[in-house]
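Structure in structure tokens, see below.
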Amino acid sequence: MELSGAEIIVQALIDEGVEYVFGYPGGAVLHTYDALFKQDKVKHILVRHEQAATHGADGYARATGRCGVALVTSGPGATNAVTGIATAFMDSIPMVILSGQVPTPVIGSDAFQEVDTVGITRPCVKHNYLVKDVHDLALTIRKAFYIAMSGRPGPVLVDIPKDVTDPKIKIPYHYPKDIKMRSYSPALKGHPGQIKKAVDVLLQAKRPVLYTGGGVILGEASQALRDLVEKTGFPITSTLMGLGAFPMTDPRFLGMLGMHGTYEANMAMHETDVLFAIGARFDDRVTGKIEQFCPHATIIHLDVDPSSISKNVRVDIPIVGPVGSVLADMARLLKEHKQGPDPVALAEWWRQIEEWRGVKCLAYDRHSPLIKPQFAVETLYKVTEGGLYLTSDVGQHQMFAAQFYPFDEPRRWINSGGLGTMGFGLPAAMGVQLAFPDATVACVSGEASILMCIQEMATCKQYDLPIKVILLNNGYMGMVRQWQEFFYESRYSHSYVDALPDFVKLSESFGHVGMRVEQPGDLEGAMREAFAMKDRFVFMDIVVDPAENVYPMIEAGKGHHEMHLSPERELA
Amino acid sequence: MRHIISVLLENEAGALSRVSGLFSARGYNIESLTVAPTDDPTLSRMTLVTTGSEEIIEQIKKQLNKLVDTVKLLDLTEGRHIEREMMLIKVRAVKEGREELKRLTDIFRAKIIDVTETSYVVELTGTSQKLDAFIQAVPEGLVVEVVRSGPTGIARGEKGLTL
Ligand SMILES: Cc1ncc(C[n+]2csc(CCOP(=O)(O)OP(=O)(O)O)c2C)c(N)n1
Ligand SMILES: [Mg+2]
């Protein structure tokens with residue numbers, strides 16, 4: 001088969017089994033767009049801004065576990081994509097970004113729409129390539145997918161100059177199936193000695209905690225984790241990124257930990273004697289003050305990326321390996337042990353945890369005449385019976401969703417944790433809805449965040465994506481306002497979102513359904529109505545209490561035991 | 001502590017900037033960095049001198065290893081090894097000074113490789129301390145220009161850092 005560079009790109013995507021490419025055309029990728037036009041195997045989704053191409057591919061990847069693909073032109077196309085690339089990088093999401101570049105003879109001459117894309121993206125990709133010869137193209141794309149998907153996943157960018165895609169130059173096409181790179185070999189198994197040591201320590205534990213992160217989901221280890229909890233009866237908490245890996249409605253789940261984690265999760269972290277971190281990376285939003293982090297604990301850390309281990313917190317027993325395979329090895333060892341964990345100590349530990357639970361740290365004022373954002377999320381859970389794919393933007397609404405919408409399955413909760421990218425939610429939801437056309441997909445957002453990628457309502461119209469936007473409209477950049485209330489004596493510097501559009505009319509102008517809800521009593525009915533419109537995109541503008549804060553809260557740089565609790569707890 | 005780290009890298013465009021970018025992005029110290037292709041033209045050998053606490057050095061090595069272009073890495077400081085740096089130094093050499101500089105060059109087993117009526121260029125190889133000592137020994141005010149390669153190194157013994 002003789003193909004041009006442009007055809008090689010498209011054929012490689014077909015050979016990778018790619019369903020969707022999220023993209024936006026421009027001069028440097030015109031040959032590639034022409035090759036896309038001539039086939040119907042790979043479907044192209046035309047976004048309205050390149051940021052949404054990367055977020056769309058990202059949402060698709062998070063929901064499916066497959067590699068997301070984005071295609072952008074050189075210069076501004078590539079720079080617009082950077083936010084989405086960095087978002088995927090921070091959360092280790094597999095993605096391949098194909099960017100057009102100016103023709104090789106003019107690289108370095110400040111040609112029209114030239115930027116050093118490889119240079120700009122270098123710090124926020126797992127790896128990147130500039131392909132200067134069409135003969136290297138197929139192999140490079142194969143490597144890009146392999147690197148993106150293996151080990152600790154991440155985005156890989158392939159920058160392709162226009163002349164490399166020249167339709168007149170045809171070469172034999174060969175797409176390698178298996179690939180081996182001498183410089184890149186991710187760990188495939190955990191070290192048996194370390195695994196045995198970890199099991200011994202776990203069985204000795206009196207106050208154990210499992211602290212799980214996004215790595216459990218990325219490593220498809222949800223079932224293995226459930227088995228571990230079944231086997232040990234240990235309490236489990238999760239980061240924002242790991243929610244759903246273990247059923248959040250299970251009593252052994254303590255809720256999320258960290259800055260806006262539950263009282264019981266954070267107190268358990270503070271008092272634990274054996275912490276088992278699984279696919280989590282000790283982010284500062286999780287650890288709080290490092291010096292006070294788990295002061296009494298022996299720490300076991302399982303991660304596929306050696307550089308995550310002992311990066312922020314010194315670890316006693318490191319295990320490098322894929323989470324799923326190592327947990328399976330552990331399960332085998334646990335089975336061989338006649339004696340399980342100390343039942344008396346564990347019962348006492350659970351008694352202590354239930355006491356902390358009794359604090360009811362998530363209680364809020366249920367008699368408010370205003371719609372409380374927590375109530376809105378609870379109602380969303382009730383109406384959708386927990387069956388959503390829920391994407392989120394960034395802010396208070398994101399935290400309320402994480403606290404009040406318990407996910408029982410992995411890959412259902414899709415949000416930008418590491419980078420905290422406002423504007424992520426709507427385009428990510430497009431990727432999810434395309435992956436699962438029959439699923440119910442919603443995006444919880446804030447009136448500030450949603451405006452950052454609002455143009456994607458047009459994409460949703462073009463491809464008939466029946467996403468539901470659940471806008472918790474508090475009229476403020478609520479999370480910013482909360483910090484200003486706490487730490488800047490309520491000087492609300494530029495956090496009031498003035499001059500908002502009429503979201504109902506705005507949605508209608510894009511050809512969608514818009515709804516506005518202002519009374520708590522109207523909310524459930526309105527939501528039922530919205531979700532009953534199975535084939536329509538519905539934008540629910542829900543007016544919520546502008547003054548609500550997210551509790552509990554640990555101030556940056558404080559310890560887990562130093563939480564602020566809601567002053568409204570007693571009212572509940 | 002000072003560490004000297006050898007890295008075998010794919011000889012690809014951009015590999016060097018990945019390494020230097022890593023050090024600046026993560027705020028690691030870098031004292032010197034030398035790189036050149038090896039006998040196998042597809043591989044480059046890099047020698048890095050860096051300082052930091054044991055935790056930081058551990059992270060530096062892990063991060064370097066994580067780069068997709070890194071084939072192998074060895075912390076030479078962990079074993080017996082040889083370190084060499086090369087220096088080209090231009091000195092003002094006039095009248096009696098010429099004799100004295102010539103003597104100094106002999107004492108350090110350096111070589112004079114360029115001569116004019118008023119200057120010498122001296123070539124000297126050795127440990128970094130030896131080069132420091134030579135510069136110190138040149139009489140005040142005579143140094144015109146100093147060019148140092150930065151240290152390179154190799155482990156002692158029969159084992160090699162190869163594929
Ligand atoms: C692109 C981007 N810019 C700025 C921020 C900082 N930031 C974090 S939360 C937030 C406010 C979000 O407001 P809104 O979307 O209304 O959500 P709310 O907190 O009110 O629920 C801001 C500005 C960010 N996370 N991302
Ligand atoms: Mg808001």
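Suppose a student asked you for the relative contact order of segment A:119-259, using Cα pairs under 8 Å spaced at least 6 residues apart; what percent would you report? Don't skip to the end; give the middle numbers.
On the way: 143 pairs, mean separation 23.6, N = 141.
Rounded, it is 17 percent for segment A:119-259.
Here's something else I'd like to know. Give the calculated FRET efficiency between A:A328 and A:I179 to the nearest 0.05, with a Förster radius of 25 Å applied to their Cβ-Cβ distance.
Calculated transfer efficiency: 0.45.
So how do B:86-92, A:471-477, A:485-491, B:74-80 stack up, highest first, on mean other-Cβ count within 10 Å?
Going by the mean number of other Cβ atoms within 10 Å, highest first, we get A:471-477, B:86-92, B:74-80, A:485-491.
Pop the C-beta distance of A:A458 and A:H494 into the FRET formula with R0 = 30 Å and round what comes out to the nearest 0.05. Let's see the in-between values first.
Values: r = 29 Å, r/R0 = 0.96.
Rounded to the nearest 0.05, the efficiency is 0.55.
Taking each pair of distinct Cα atoms in chain B once, what is the resulting Kirkwood hydrodynamic radius in Å?
Details: mean 1/r = 0.0569 Å⁻¹.
Evaluated over chain B, this radius sits at 17.6 Å.
If the reach is capped at under 19 angstrom between alpha carbons, list the lysines near B:K111, excluding any in the same chain fewer than eight residues apart.
Straight-line reach from B:K111, under 19 Å: B:K90, B:K102, B:K130.
Next question, about the same structure. Taking only protein heavy atoms into account and a 1.4 Å probe, give the accessible area per residue of segment A:487-572 in Å².
Value returned for segment A:487-572: 54 Å² of accessible area per residue.
Here is a follow-up. Tally Lys/Arg at +1 and Asp/Glu at -1 over every other residue whose Cβ is under 14 Å from the Cβ of B:G27; what's the total?
Cβ neighbours under 14 Å give a net charge of +1.
Measuring with a 1.4 Å probe in the full set of protein chains, what accessible area per residue, in whole Å², belongs to segment A:68-166?
Heavy-atom accessible area per residue stands at 31 Å².
Interface A/B, total buried accessible area with a 1.4 Å probe, nearest 100 Å²?
Working: alone 22740 and 9720 Å², together 31000 Å².
Summed over both sides, the interface buries about 1500 Å².
Heavy atoms only, probe 1.4 Å: what % of the accessible area of segment A:456-539 goes to carbon and sulfur, would you let me know?
Taking all protein chains in place, segment A:456-539 shows 51 percent carbon and sulfur surface.
Here is a further query. Kindly tabulate the residues in segment A:283-324 with an accessible-area decrease of at least 30 Å² between the chain alone and the assembly of all protein chains, using a probe of 1.4 Å.
In segment A:283-324, residues shielded by partner chains: A:S307, A:K311, A:R314.
Quick one: accessible surface of A:S150, probe radius 1.4 Å, all protein chains present, in square angstrom to the nearest 10.
20
Still on this structure, please answer the following. Quick check of the Kirkwood formula: for segment A:380-470, what is the inverse mean of 1/r over all pairs of different Cα atoms, in Å?
For segment A:380-470, inverting the mean 1/r across all distinct Cα pairs yields 13.0 Å.
What are the radius of gyration and Dmax of segment B:47-95, computed over its Cα atoms and given in Å?
17.1, 57
Among the residues of segment A:113-127, which ones have their accessible area go down by 30 Å² or more when all the protein chains sit together, as opposed to their chain alone (1.4 Å probe)?
Correct list: A:R122, A:H127.
Report D for segment A:193-316 in µm² per second (integer): Stokes-Einstein, Kirkwood Rh on Cα pairs, 4 °C, 1.567 mPa s.
Value of D from the Cα-based Kirkwood radius: 91 µm²/s.
Ranking request for peptides A:89-97, A:49-57, A:1-9: highest mean number of other beta-carbon atoms within 10 Å first, then the rest in descending order.
Per-residue mean Cβ counts within 10 Å order the peptides as A:49-57, A:89-97, A:1-9.
Which one, B:A133, B:A25, B:G150, projects farthest toward the positive side of the charge dipole computed for segment B:17-163 from Cβ point charges (K/R +1, D/E -1)?
Working it through, the farthest residue towards the positive pole turns out to be B:A25.
Another question about this same structure. Where the accessible area of chain B is counted over protein heavy atoms with a 1.4 Å probe, how much of it, in %, is carbon and sulfur?
For chain B, the apolar C and S fraction of the accessible surface comes to 52 percent.
Evaluate peptide B:54-67: per residue, the Cβ atoms of other protein chains within 10 Å of its Cβ; return the mean as an integer.
Details: counts 0, 3, 0, 0, 5, 5, 1, 2, 8, 3, 1, 3, 9, 4.
Taking the mean over all residues of the peptide, I get 3.
Tell me, what does the Kirkwood hydrodynamic radius of chain A come to in angstroms if you use every pair of distinct C-alpha atoms? Present the calculation step by step, with values, prior to reporting the outcome.
Values: mean 1/r = 0.0404 Å⁻¹.
When all Cα pairs of chain A are included, the Kirkwood radius is 24.7 Å.
What's the magnitude of the charge dipole for segment A:519-572 around its Cα centre, counting Lys and Arg as +1 and Asp and Glu as -1 at the beta-carbon? Answer in Debye, nearest 20.
Computed about the Cα centre, the dipole is about 220 debye.
Treating the angle as unsigned and between 0 and 90°, give the value, to the nearest 10°, between the Cα long axis of helix B:15-25 and the longest Cα principal axis of chain B.
Once rounded, one gets 90 degrees.
Pull up the cross-link candidates among the lysines for A:K143, meaning alpha carbon to alpha carbon under 20 Å and not fewer than 8 places away within one chain.
By straight Cα distance, A:K143 reaches A:K126, A:K132, A:K177, A:K180, B:K66, B:K72.
Under a Cβ-Cβ cut-off of 15 Å, what is the net charge of the residues other than A:V134 that fall near it, where Lys and Arg count +1 and Asp and Glu count -1? List each step's numbers first, then the result.
Numbers: positive: A:K132, A:R142, A:K162, A:K168, A:K170; negative: A:E2, A:E7, A:D133, A:D136, A:D159, A:D163, A:D166.
Around A:V134, the surrounding residues sum to -2.
The values are calculated or read from the model by the stated rules, or taken from the named source; none is laboratory data. Values in this document were obtained by computation on a predicted structure and should not be read as measured data. Methodologically, a virtual Cβ is constructed for each residue, glycine included, from the backbone with ideal geometry; neighbour enumeration extends over all protein chains shown. Quick note on the areas: whole protein, heavy atoms, side chains included, nothing else; ligands and nucleic acids left out. Shrake-Rupley method; radii C 1.70, N 1.55, O 1.52, S 1.80 Å.
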